[in-house]
Amino acid sequence: MLDAFDDLPQVRNLREHTYEALGDTIVDVGCGSGRAVGELAARGVRAIGIDLDPAMIEVAIERWPIGRFHVGDATALPLDDGAVTGYRADKVLHTLAEPELAVAEARRVLARNGRAVLIGQDWDTFVIDSDDPELTRTLVHARADGMANPRVARRYRNLLLDNGFIDVTVEVHTIVWTDAGCLPVLASIAGEGSWLDGQAARARNDRLFVAVPIFLASGTRAD
């Protein structure tokens, strides 16, 4: 499912955007299968991937041997103070009970004038065309309520400000899906059943529409 999402042209362009101005030593927190680390390392950047899931780290090492990967916690990174020029956390803070601790950790590991970039969706704001809007709203909100922090993306700006970052900016990039590649994502929201069958029929008839706003916030570590 993550591979299908990451392969979308819109998502590739957004990922490239998140690499800007991160410097020459970057940590990617919640690196998953390691795509960002591999892409950055291929450009000569010293890129370090951290993920809590050992199985994901194994996949990342196999796929991207050019990168450096470690099992680690976003709230206690295995890095020295000021060790990196750039910090990137993509679709990870919503999994944390206390995302503010991860942002505080970002400030710790960043060098002076280092840049932090936070990326992710607000799980309440999936936009899905459906013949049953009420059920769709119920399913989306139920999926959101299963997350530790489903609405953390709308807090990104304040989390950065509260942890001493300056020049904080926020952007919204909306990813639009209109083909069957989105069905695994919809299955993760609704499970098997008539609602998902209806979305599959829409995909077959070229009538599927799913839009996901992705929030990107960045800031500079102040002295």
Neighbour-count ranking [beta-carbon atoms within 10 angstrom, fewest first] of LEU52, LEU2: LEU2, LEU52
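Would you please name the GluC sites (Glu not before Pro) within the stretch 120-223 that are DSSP coil residues with at most 14 other C-beta atoms within 10 Å of their C-beta? Can you show the working numbers first?
Numbers: sites: GLU134, GLU171, GLU192; in loops: GLU192.
Answer by residue number: GLU192.
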What's the FRET efficiency of MET147 with ASP223 using the Cβ-Cβ distance as r and R₀ = 25 Å, to the nearest 0.05? 0.10
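If you take the beta carbon distance between ARG63 and ALA187 as r and set R0 to 25 Å, what does 1/(1 + (r/R0)^6) give as a FRET efficiency, to the nearest 0.05?
Details: r = 24 Å, r/R0 = 0.96.
Result of the calculation: an efficiency of 0.55.
Which trypsin sites (Lys or Arg not before Pro) in the stretch 41-120 sit in a loop by DSSP (not H, G, I, E or B) and have at most 14 other Cβ atoms within 10 Å of their own Cβ?
Working: sites: ARG43, ARG46, ARG63, ARG68, ARG88, LYS91, ARG107, ARG108, ARG112, ARG115; in loops: ARG43, LYS91.
Passing sites in the stretch 41-120 are ARG43.
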As a percent rounded to 5, the proportion of antiparallel DSSP bridges among beta bridges in the stretch 2-221 is 50 percent
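In deg cm²/dmol and to the nearest 500, what is the mean residue ellipticity at 222 nm of the chain if only DSSP H runs of at least 4 residues count, each as -39500 (n - 2.57), divided by the residue total? List each step's numbers first, then the result.
Working: 9 runs with 82 residues, N = 223.
Using -39500 (n - 2.57) per qualifying helix, the result is -10500 deg cm²/dmol.
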Could you compute the FRET efficiency for ASN205 and ASP132, with r as their C-beta to C-beta distance and R0 at 25 Å, rounded to 0.05? 0.90
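Just so you know, all these numbers are worked out from the coordinates, no wet-lab data involved. Predicted model, so just to flag it, every value in this text is computed and none were measured. All Cβ positions, glycine included, derive from the backbone under ideal geometry; neighbour counts span all protein chains shown.
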